[in-house]
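One structure is given below, encoded as C-alpha cells.
Nothing in this text is a laboratory measurement; each read-out follows from the coordinates by a stated rule. Keep in mind it's a predicted model, so treat the numbers as computed, not measured. Note that we place each Cβ from the backbone using ideal geometry, even for glycine, and neighbour counts take in every protein chain shown.
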Amino acid sequence: MRTESVLIYLYLSLKKNYMLKRVPVVILNGFLGSGKTTMFKSLLSQCMNKNIVASAIVNDMSELDVDGELISNVLEEDNSQIFNSISSCVLSSKKGIEKLHECVANSIKNNPEIIIIETSGSCHPMPLIKYFEGHNKVKLTGVFVLLDSQMITQDFNCGINLIPEMQQNMINNIRGPINLLVEQILFSSNIILTKIDKVDDNEIQEICNQVKQINPYAHINSVVHGNLSIEFLFNLKEYNYFNVAKLFNELEPILNQEEKIDKPYNLASNVIKDDRPFHPERLWLVCHKFLDKRIYRSKGFFWLASRNSQSLLWNQAASGINLELIGTWRASILENEQNNLLPEELKALEEIISNQKGRFGDRCCDLTVIGDKDHIDSFTDKLKSCFLTEEEIQNWRNGYSFRDPWPKKIVRLKSNH
C-alpha cells in the first residue's frame, strides 16, 4: 500500500512538472479593425530585440492574406522566429481549427518560448479555447480581446448599447456582428482598449464600466499604437476555463452550426485585384460619400496615379482610413534615370520587372473588403469605379497631373526592431 502511494505521488509530481513546462499560448482576438496586427507586430519586434523565440500564427479570412504578409515583413530579418499563416477561412471554423492544429504541432517542434496567435476579426474565441483546453503540449494563458475605443464610442454609445442591441438580435433570432463582439468580450481573460488617444477620459471610463458589466472577470488594460510589454504575456496564469463553463454549454449548439460556415455573422469579403492606379480625387469622394459602419474593414496594397512611385498600404476600420508608405515600386526605380544602380543591379531589376503580369511593372492594387453581405458588393463596385479609365491612363502617360486631396504626410510603415 505504501509503495502504491509513493508511485502515485511520483506520478502526480511528474505530471505537475510536465504540465508546468507546457508552452504558453496567447490569443489576440477582437473585432475587425481593433488593432490586432499593430499589437502583434510590436510584440514580435520585442521578442526579436530580447532574443525570445516566439511562434507567430496569423489568421486572415481573405485569400490575399494581407496580415500574413505584414507580419512576415517584421520577421524577415530573424530566422529564429517561427511563422505560420492561415488564410481563406476563419480560425474558429472547422477548417480553421484543423489548420490551427497543424500550425501548433509545427510550432512545438521548434521549442518556442511562447506562441502568439492573431485571429481574424470575425473569429469567435470559444472553439479556440475548447481546442486548447486539456492540451498536453501547450497551455492557454491569455485570450486578449482588443476593443477599438473610438468605434465603441461612436457606434455603441461608449458600450451602453452593446447589450440592448444584442438582446434585440436574440428577439429577432439574428446572429450578427454585435453577437460576435459581445461574445468575444465574454470569453476574454484580458480586454485591451485600443485607440484611446482618439477618445476622452470620460468615454474610456464609461467603456470600462460597460465592459465590466459584460465580463466582470476580465482584466482591462489600455494601449496606444499597440504598445504592450512582452513581459506582460509571460506573467499570465493559465486561462480560467471554469469561468466560461456555463457559456460553453449555452453556446455550443449554436457554434456547432457556425463552425461549418467559413464566413458567419452576415459577413462577407470581396477581393479587388487590378494593375491600374486609383484616381486620387475620385477615391477620396467615394470614401467620404459611401463608406459607413456596414463596411467593417478594408485593407491591402495599392497606388495612386498622383504618387506613382509609392507603394501604399490601405488600412480602413469603421469610418477611419490610414495610408501608410510601404516602400517604392521597383518599376519607378527603373524609370528614374538617376537611380544610381550598378549595371548588374539594373539587369537583375529589369529581369524581375519583365516577369510581372501588369502593364505598370510591379505596381498593383490588391485589396480585401469585409462588411455586411447585403452592402459589400455595392461599396466594392464604388471602389472599382475609382480606377483610372483607359482614357485617363493615356492622359497620365502624357504627364497629366491628377488632383490629390489625400494627406501629403503619411507614415512609412516599419517594424520596431
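Observations
- Burial order of peptide ranges 242-255, 358-371 (average beta-carbon count within 10 Å, highest first): 358-371, 242-255
- The chain: angle of helix 66-75 to the longest principal axis, Cα-based, in degrees nearest 10: 80
- Taking the average, over residues, of other Cβ atoms within 10 Å as the packing measure, peptides 23-32, 333-342, 275-284 rank 23-32, 275-284, 333-342 from highest down.
- Maximal additional length on extending the His101-Asn235 stretch stands at 45.7 nm, based on 0.36 nm per residue less the C-alpha distance.
- DSSP bridge pairs, segment 267-412: antiparallel proportion in percent, nearest 5: 90
- Most tightly packed first, judged by the mean number of other beta-carbon atoms within 10 Å of their residues, the peptides 208-217, 164-173 read 208-217, 164-173.
- Taking other Cβ atoms within 10 Å as a rough exposure proxy, Asp372, Asp377, Asp201 sort from fewest to most as Asp201, Asp377, Asp372.
- Over the residues of the chain, the helix contribution to mean residue ellipticity at 222 nm works out to -12500 deg cm²/dmol, using -39500 (n - 2.57) for each DSSP H run of at least 4.
- Label assignment, volume of the Cα convex hull per residue in Å³ derived from the structure, set (1) 154; (2) 173; (3) 217: (2)
- Förster radius 30 Å - calculated FRET efficiency between Asn221 and Ile321 (Cβ-Cβ, nearest 0.05): 0.70
- Rounded to 10°, Cα long-axis angle of helix 36-49 versus longest principal axis of the chain: 80
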